[in-house]
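No lab work stands behind these numbers, since they all come straight from the coordinates. Given the structure is predicted, the values throughout are model-derived calculations rather than measurements. When we count neighbours, we look across all protein chains shown, and the Cβ atoms used for this are built from the backbone with ideal geometry, even at glycine.
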Amino acid sequence: VQEVRKTVTVVFTDVTGSTAMGERLDPESLRRVMTRYFDEMQTVVERHGGTVEK
């Protein structure tokens with residue numbers, strides 16, 4: 001197996017106000033909001049040739 005060196009970029013995000021939002025919303029609503037956020041972020045990353053590994 002031949003080794004291949006790759007350049008990678010790691011992105012960490014913090015959703016401002018997510019703790020307060022989690023306290024305010026019921027779990028199902030919070031999940032919908034966060035799923036939409038992650039879906040949008042994945043779309044942007046993939047548009048630029050990246051991949052998302054959770």
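Rounded to the nearest 10 degrees, the angle from helix 27-47 to the longest Cα principal axis of the chain is 30 degrees. Using the Cβ-Cβ distance between Val1 and Glu46 with R0 = 30 Å, the FRET efficiency computed as 1/(1 + (r/R0)^6) comes to roughly 0.60.
Computed over the chain, the percent of Cα pairs more than 15 Å apart is 61. In this Cβ point-charge picture (+1 for Lys and Arg, -1 for Asp and Glu), the chain has a dipole of about 140 debye about its Cα centre.
Sparse packing (at most 12 other Cβ atoms within 10 Å of the Cβ) combined with a DSSP loop state is found for the following GluC sites (Glu not before Pro) in the chain: Glu3, Glu53. Going from the fewest other Cβ atoms within 10 Å to the most, the residues Phe38, Phe12 appear in the order Phe12, Phe38.
GNM on the chain, alpha-carbon springs under 10 angstrom: the most fluctuating residue among Thr13, Thr43, Thr35 is Thr13. A Förster radius of 25 Å, combined with the Cβ-Cβ distance separating Val10 from Thr35, puts the computed FRET efficiency at roughly 0.70.
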